[in-house]
Amino acid sequence: MDQPFDPGGLDPSGSGLPGSGMPGPGLFIGLFVVLTVVAAVVAVVSAKRRRQQLEQRAAWAAERGWRFEADAQPLVDAWGGEPFGRGLRRRAQAHVTGGYRGVPFSAFEYRYETESHGTDSEGRPTTTRHVHRFDVAVLRLGSRLPDLELAPETAFSRVVDAVTGRDIALEWERFNRSYRLTCADRKLAMDLFSPRTMEHLLTHGPVRLRITRGDALVWRPTRTETVTPWGPGDPAVPLESSSAPLDVVLTLLRGVPDFVWQDRGGLPPALAGARW
């Protein structure tokens, strides 16, 4: 007597296990090929878009009489402190240099990677890469000012400062609540930040600023890569009305008392032609 046909005993695709309902190896191979092709297409499109961005930035810089270089690896180790000296595979790129409001400057993109380790669902070790991107702008002062850093106050920094006592408290409490200020010369820090300067920083900030190795740096974390560099503003806008990061720094420098420069060999030559 013929046995009735049992469709559950076979895999209609012919690629899986009979009666298992599980996809066969052919499906996994096909999926892997598709994902590989998609990843390759995404990589090609991303590389093309990046080349276009760099070409546009080079043209933008040339229109202003500034110089451009796609790779700027020597800048990776030019300064210490955040965001430098961290992570793996550090890179500096899309570097623009020139004169801004009569002061030498540079602006570039900086990135590094970190790794986190874990296990997958089957207990196998995994490594995930995280890319950290920053915009950096620098005024090349050649000054003799001691190292100084100004950054937005955070809950974590308050805890650290409660232990270390490094945060310098100025006369304006609102400013103290908004910013963390550290400097090797406490008196100098208090001379630099006049009420007018503090008000400008509160109005046009927040800003992350470091004076070190004769330069004044500003930086910010970012998730995007852009055509125009971050830092310079529109020179046609009055300095005191501008929120451009380099203009905020120039406002601070403009307010430095004469005796501070005199005690340190005079006004830096880089600021002699500043248009502020």
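The values are calculated or read from the model by the stated rules, or taken from the named source; none is laboratory data. Nothing here was measured: the structure is a model prediction, and the numbers come from that model. Positions of Cβ are backbone-derived with ideal geometry, glycine not excepted, and every protein chain shown enters the neighbour counts.
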For helices (runs of 4 or more DSSP H) lying entirely in the stretch 137-222, having 2 or more residues that are of a type in the set (Lys, Arg) picks out 173-178, 186-192
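Residues checked against (1) at pLDDT 90 or above; (2) under 15 Å from Pro83 (Cβ atoms); (3) surrounded by fewer than 18 Cβ atoms within 10 Å (Cβ to Cβ):
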| residue | (1), (2), (3) |
| --- | --- |
| His130 | yes, yes, yes |
| Leu141 | yes, no, no |
| Arg144 | no, no, yes |
| Leu148 | yes, no, no |
| Thr154 | no, no, yes |
| Val159 | no, no, yes |
| Val163 | no, no, yes |
Are any of the residues in the stretch 156-179 in contact with a strand residue (DSSP E or B) (Cβ under 6 Å, 6 or more places away or on another chain) and within 16 Å of Leu252 (Cα to Cα)? yes
Among the residues of the stretch 199-223, the number that are without any contact (Cβ under 8 Å) to a residue 60 or more places away in the chain and either among the polar types (S, T, N, Q) or over 29 Å from His130 (Cα atoms) (or both) is 6
Residue set Leu246, Leu170, Leu188, Leu252; condition touching a Phe, Trp or Tyr at 6+ places or on another chain (Cβ under 7 Å), in contact (Cβ under 8 Å) with a residue 60 or more places away in the chain and surrounded by 14 or more Cβ atoms within 10 Å (Cβ to Cβ); output residue Leu246
Do we have Phe175 as touching a residue at least 60 places away in the same chain (Cβ under 8 Å) and out of contact with any Lys or Arg (no Cβ under 8 Å at 6 or more places or on another chain) here? no
Counting only residues that are surrounded by 12 or more Cβ atoms within 10 Å (Cβ to Cβ) and acidic (Asp, Glu), which one in the stretch 218-243 is modelled with the lowest pLDDT? Glu225
